[in-house]
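Worksheet: the structure to be examined is printed underneath.
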Amino acid sequence: MEALKLEEKYTYADYYTWDDGKRWELIDGFAYLMSPAPVERHHDCAVELFEKLRNFLKGKPCKVFIAPFDVRLKADSTDDTVVQPDVFVVCDESKRDGKSITGAPDFIIEVLSPSTSRYDKLTKSKLYQDTGVKEYWIVDPVDEIIAVNLLVDGKYELTLYGEGEIPVSVLEGCTINLSEVFSQ
């Protein structure tokens, strides 16, 4: 995934005015065109994870979101970084302004697509680590593996899961069964 218009930098104010029918993300002011709608397998994994989290969070203060929904990771400083994770959880209600999330979510899930795999594994992983996302999952629907990145002392510690149940560290008591995520 390549940045477009490399010579120009944008802010959330610029981004918010774009009405071209395309999905964009901004990272450090550079505009990235999102790939077209995901394939069915990608969609099914994202929806399954969203539903599991939504059911777990009923009656709790945290809220789960599904793409497309803007996350402004640097809203309090440069406001030049806007992403739309596949699924994410925010526990601090003050980060919700009705049209976007301002600051780092507690938990982000990205489901890999062939066109975004490198972007999700490298660019976004570093971005999420640097902006304080406590837990970041990278879901590979082809190999049926979930890479769990937990923020420890400012760096991600990686654990790979290929079967069984995965604990969601930031949501005490929440576990996700891999066979249900990949059963479609």
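Of the conditions (1) in contact (Cβ under 8 Å) with a residue 40 or more places away in the chain; (2) outside any helix (DSSP H, G or I); (3) over 30 Å from VAL152 (Cα atoms), ALA13 clears all except one; give me its number.
Result: ALA13 passes all but (2).
Going through region 152-168 one residue at a time, which ones are closer than 16 Å to VAL139 by Cα and in a loop (DSSP other than H, G, I, E, B)?
Within region 152-168, GLY162, GLU163, GLY164, VAL168 qualify.
Give the number of residues within region 106-137 that are of a type outside the set (D, E, K, R) and closer than 24 Å to ARG96 by Cα.
Residues meeting the conditions: 13.
Inside region 9-39, can you point out the residues that are within 18 Å of the chain's Cα centre (by Cα) and of a type in the set (Asp, Glu)?
Correct list: GLU25, ASP28.
Can you tell me how many residues in region 109-145 are part of a strand (DSSP E or B) and closer than 21 Å to PHE30 by Cα?
1
Please go through region 112-149 and pick out each residue that is among the aliphatic types (A, V, I, L, M) and crowded, with 16+ Cβ neighbours inside 10 Å.
Correct list: LEU112, LEU127, VAL133, ILE138, VAL139, ILE145, ILE146, ALA147, VAL148.
Table: residues versus (1) in contact with a Pro (Cβ under 8 Å, 6 or more places away or on another chain); (2) closer than 21 Å to MET34 by Cα; (3) among the acidic types (Asp, Glu).
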site: PHE88; (1), (2), (3): yes, yes, no
site: ASP97; (1), (2), (3): no, no, yes
site: ILE108; (1), (2), (3): yes, yes, no
site: VAL111; (1), (2), (3): yes, yes, no
site: TRP137; (1), (2), (3): no, yes, no
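Out of all the residues in region 33-46, is one or more at pLDDT below 95, surrounded by 16 or more Cβ atoms within 10 Å (Cβ to Cβ) and part of a loop (DSSP other than H, G, I, E, B)?
yes
Hey, can you tell me all the residues within region 170-184 that are touching a strand residue (DSSP E or B) at 6+ places or on another chain (Cβ under 6 Å) and without any contact (Cβ under 8 Å) to a residue 12 or more places away in the chain?
Of everything in region 170-184, just one residue is touching a strand residue (DSSP E or B) at 6+ places or on another chain (Cβ under 6 Å) and without any contact (Cβ under 8 Å) to a residue 12 or more places away in the chain, namely THR175.
Considering only region 150-184, state which residues are among the β-branched types (Val, Ile, Thr), surrounded by 18 or more Cβ atoms within 10 Å (Cβ to Cβ) and within 18 Å of PRO105 (Cβ to Cβ).
Result: VAL168, ILE176.
Every residue, every condition in (1) at negative phi; (2) hydroxyl-bearing (Ser, Thr, Tyr); (3) within 14 Å of the chain's Cα centre (by Cα), yes or no:
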| position | (1), (2), (3) |
| --- | --- |
| ARG96 | yes, no, no |
| GLY103 | no, no, yes |
| ILE108 | yes, no, yes |
| ILE138 | yes, no, yes |
| PRO141 | yes, no, no |
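The values are calculated or read from the model by the stated rules, or taken from the named source; none is laboratory data. Model, not experiment: these values are computed from the prediction. Here Cβ is always computed from backbone atoms with ideal geometry, including for glycine, and neighbour counts include all displayed protein chains.
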